[in-house]
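In what follows, a single structure is set out as structure tokens and then discussed.
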Amino acid sequence: MAVTSGYRAKAKFLMVSPTKVRRVADNVRRKPYPEAIAILENLPHKGAGLLKKAIQSAAANALYQNKNLDEDMLYVRELLVDEGPRLKRLWIRARGRADMLQKRMTHITVVVDEIANTGV
């Protein structure tokens with residue numbers, strides 16, 4: 001899925017499983033920026049802090065590129081949580097056996113955009 005236009009930020013190679021981050025991302029997708037940040041601040045998950053940082057970065061990019069924007073007029077347009085590479089480690093087990101321990105990484109892509117004024 002291609003990322004559409006807007007103000008974006010990417011957070012790559014984060015040491016957390018993508019499935020755990022997707023659970024949190026579903027709560028803030030397509031929400032207004034202040035509401036999304038308030039939701040993420042009150043969630044206890046590790047992924048919530050990582051998502052909050054990525055969304056704040058995208059909002060900072062939007063406010064830097066367009067000085068006339070207001071924070072309250074932004075919303076989370078797209079929020080992609082993709083799988084990154086895996087670190088594969090040997091996990092020693094009983095009786096001379098071994099298992100493969102896979103440490104998963106996540107790439108987060110956030111696009112924020114301005115809420116269109118429909119009351120004109």
**Message:** Every residue in the stretch 1-37 that is of a type in the set (F, W, Y) and surrounded by 12 or more Cβ atoms within 10 Å (Cβ to Cβ), please.
**Reply:** Y7, Y33
**Request:** Give me a count of the residues in the stretch 38-48 that are surrounded by fewer than 15 Cβ atoms within 10 Å (Cβ to Cβ) and small (G, A, S).
**Result:** 1
**Request:** Would you check which residues across the stretch 54-91 are charged (D, E, K, R) and surrounded by fewer than 16 Cβ atoms within 10 Å (Cβ to Cβ) and list them?
**Result:** K67, D70, E71, D72, D82, E83, R86, K88, R89
**Asked** For residues in the stretch 1-42 being under 25 Å from Q102 (Cβ atoms) and among the aliphatic types (A, V, I, L, M), which is farthest from the chain's Cα centre (by Cα)?
**Response** M1
**Message:** For the stretch 51-93, give me the residue count where each residue is in contact with an Asp or Glu (Cβ under 8 Å, 6 or more places away or on another chain) and of a type in the set (S, T, Y).
**Reply:** 1
**Prompt:** Residues that are of a type in the set (A, V, I, L, M) and over 15 Å from V111 (Cβ atoms): which helices (runs of 4 or more DSSP H) entirely in the stretch 1-97 hold 3 or more of them?
**Reply:** 33-41
**Message:** Checking the condition touching a residue at least 12 places away in the same chain (Cβ under 8 Å) and of a type in the set (G, A, S), which residue from A94, A116, A58 passes?
**Reply:** A58
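Bear in mind that the values in this text are calculations on the coordinates, not laboratory data. For clarity, every value in this text was computed on a predicted model and none was experimentally measured. For neighbour counting, all protein chains shown are included, and Cβ atoms are generated from backbone atoms with ideal geometry for every residue, glycine included.
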